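The values are calculated or read from the model by the stated rules, or taken from the named source; none is laboratory data. Since this is a predicted model, take the numbers as computed values, not measurements. Note: ideal-geometry Cβ built from the backbone for every residue, glycine included; neighbour counts use all protein chains shown.
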Amino acid sequence: MGEMTSTLPPLAVSPLEIAARYVGTRETSRNQGPEIALFWNDTSYPQGDDNREPWCAAFVCFCLAEAARQGWRPKVKALPKEAAVRYFLDWCRGRYGVEVWANDGKRLPQAGDIAVFLPKLSHIGFVESVSGRTLNTIEGNTDDGGSREGDGVHRRQRALSFPGWFVRFQNPITSA
């Protein structure tokens, strides 16, 4: 019987690692910038940059797609391209290889999960860690005040109770 090994192939990069690389990225004008335009390319709405749309979900879609281009292999057959938070969440629900659960305090998120702040805020970001009742995240289109209409990619601290939902993309387990 083989010993369990990492869920990532050698040299694969997780979506959370991709997100961390972009911390500090800033808009050059409202909801626009060279990197922000790049994020929109992995959505079904690539003109979002031209139209100055909120881009938090585009950032999440980009990180998922970029990780897949760098060897991350989730169980889903396709990745979401939904640029609106509610549609991203709808896409994930009932999808093989994607777990979605309400934040009712019965199950804690893990690093790499996606925090969906609906219904309180139409916003989304990656869970970096949980410390007590604090959720540490990496979010696009936020700012130091936690706005969903921010100025860049930031690390944020939020109350663990704040997100309404969590999403986890399952990785296939490899055996040695």
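Summary table
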| item | result |
| --- | --- |
| Qualifying residue in the stretch 89-108 (condition: in contact with a strand residue (DSSP E or B) (Cβ under 9 Å, 6 or more places away or on another chain) and of a type in the set (S, T, N, Q)) | yes |
| Condition broken by ARG155, with the remaining ones in (1) in contact with a Cys (Cβ under 8 Å, 6 or more places away or on another chain); (2) at pLDDT 95 or above satisfied | (1) |
| Pairs with Cβ under 9 Å, 6+ apart, first in the stretch 82-109 and over 15 Å from VAL60 (Cα atoms), second assigned to a helix (DSSP H, G or I) and not hydroxyl-bearing (Ser, Thr, Tyr) | GLU99/CYS92; VAL100/LEU89; VAL100/CYS92 |
| Qualifying residue in the stretch 110-128 (condition: charged (D, E, K, R) and touching a Phe, Trp or Tyr at 6+ places or on another chain (Cβ under 6 Å)) | yes |
| Positions within the stretch 66-89 being more than 14 Å from PHE126 (Cα to Cα), of a type outside the set (Lys, Arg) and in a helix (DSSP H, G or I), in sequence order | GLU66, ALA68, TYR87 |
| The listed residue being out of contact with any helix residue (DSSP H, G or I) (no Cβ under 9 Å at 6 or more places or on another chain), surrounded by fewer than 18 Cβ atoms within 10 Å (Cβ to Cβ) and hydrophobic (A, V, I, L, M, F, W, C), out of ALA78, ALA111, ALA37, ALA115 | ALA78 |
| Condition met for ASP90 (in contact with a Cys (Cβ under 6 Å, 6 or more places away or on another chain), of a type in the set (D, E, K, R) and modelled with pLDDT of 95 or more) | no |
| Test for PRO54: is it farther than 21 Å from ASP151 by Cβ and outside any helix (DSSP H, G or I) | no |
